[in-house]
1. Search region B:141-183 for residues being among the charged types (D, E, K, R) and either crowded, with 23+ Cβ neighbours inside 10 Å or touching a residue at least 12 places away in the same chain (Cβ under 8 Å) (or both), and hand back the single one that is nearest to the other protein chains (Cβ to nearest Cβ).
2. Confirm whether B:A135 is at pLDDT 95 or above and either in contact with a Gly (Cβ under 8 Å, 6 or more places away or on another chain) or buried (at least 18 other Cβ atoms within 10 Å of the Cβ) (or both).
3. Hey, can you tell me all the residues within region A:114-130 that are within 19 Å of B:T160 (Cβ to Cβ) and surrounded by fewer than 21 Cβ atoms within 10 Å (Cβ to Cβ)?
4. Given the criterion touching a strand residue (DSSP E or B) at 6+ places or on another chain (Cβ under 8 Å) and surrounded by fewer than 21 Cβ atoms within 10 Å (Cβ to Cβ), identify the matching residue among A:A79, A:A66.
5. Scan region A:66-85 for residues that are in contact (Cβ under 8 Å) with a residue 12 or more places away in the chain and either more than 10 Å from chain B (Cβ to nearest Cβ) or under 12 Å from A:G23 (Cβ atoms) (or both) and report the count.
6. For region A:109-134, what are the residues that are outside any helix (DSSP H, G or I), over 14 Å from B:I163 (Cα atoms) and facing chain B (nearest Cβ under 8 Å)?
7. Could you say whether any residue in region A:46-62 is buried (at least 18 other Cβ atoms within 10 Å of the Cβ) and at the interface with another protein chain (Cβ under 9 Å from one of its Cβ atoms)?
Amino acid sequence: MPDVDAALQDAVKGQDAAVYAYGLVTAALTGAPASAALTAMADHRVLRDQLRALLVAASASAPAAAAAYDPPFPVVDAASARRLAALVEDRCVGQLAALVGLLPAAQRRAVASAAQQGALRTVSWSGVAATWPGAS
Amino acid sequence: MRSHLPVPLVTSRRQLLVISGAMTLGALAGCTTSPSPSQQSPSGTADPDGAVRATVASSQTALAAAFAATVRAFPTLAKSLAVGDRHVSYAAAVTATATATATALPTASATDLPLPVVSPAAPVVPTTAVRAVAALAKAEQLAAGQCLTQIMVTVDPELTRIITLIGAGCASAGSVLAGPNRA
């Protein structure tokens, strides 16, 4: 049986990475897409804090965010920014989905809803609705 | 400290097996409009998630039928409605989780909870293409919402993960059908 604390820690790390990634994404965008990126960054920050609170409540250690993260490819323009945003969102969806089944029922809905929101953001950045979100 | 971005890969070997099984079982799911909500797994042991599994499979099969009926009514929509092909895979994927679950998990009473049952009646397609697509978009959003309810009572973490992903897939398909959504 997978360890719920480990899954929570992975999810927190993923959300931290997403927050950082959206900093890169926002810097490469302008106008409405930049605003959407800022909103997404705020959403990931809120979710990270919620997941971190679950770890604290379970007396488990919450991972600290890294000072910086290496993106898998350079973010040099709007197209690469969109690609990074879609990739980060999709991978977060996969992490959150893996976490949901390990949580008690009362905590599942919020995390599963966050996974759906992530899938919607993936579509908004990529224009593609993958059959299986979270498979990146 | 510098870390790789973004998060680790999450596709497990089991997930790949389930998805590949979905490809195989897809044709069977398409032929079944009212799967039996059996509480028994293929191995004959109690399946604590049997009712949820049957409900999700039935819902996804009904969605696949709705897309197929809409394409029959409006053949020019076939390409844009290809997003609905996922529902055959979804129905098969939840069914494919039954075998592994039955031998590994204890019996629970969660299956006693009331869950919606999709009618096996033939789908009714609206009379215009625009309304038909809107109806499918609404059905996707409804299915996504139902997934959020269904994961509240599942026992098997893998089934829960799959239903969560199905909900995400339905939400994203609904978004595509609903219209321009690019950020």
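The values are calculated or read from the model by the stated rules, or taken from the named source; none is laboratory data. These numbers were taken from a predicted model, which means no experiment stands behind them. Glycine also receives a Cβ, built like all others from the backbone with ideal geometry; neighbour counts cover every protein chain displayed.
1. Taking the candidates together, the pick is B:R161.
2. In short, no.
3. A:Q117
4. A:A66
5. 12
6. A:G127, A:A129, A:A130
7. no
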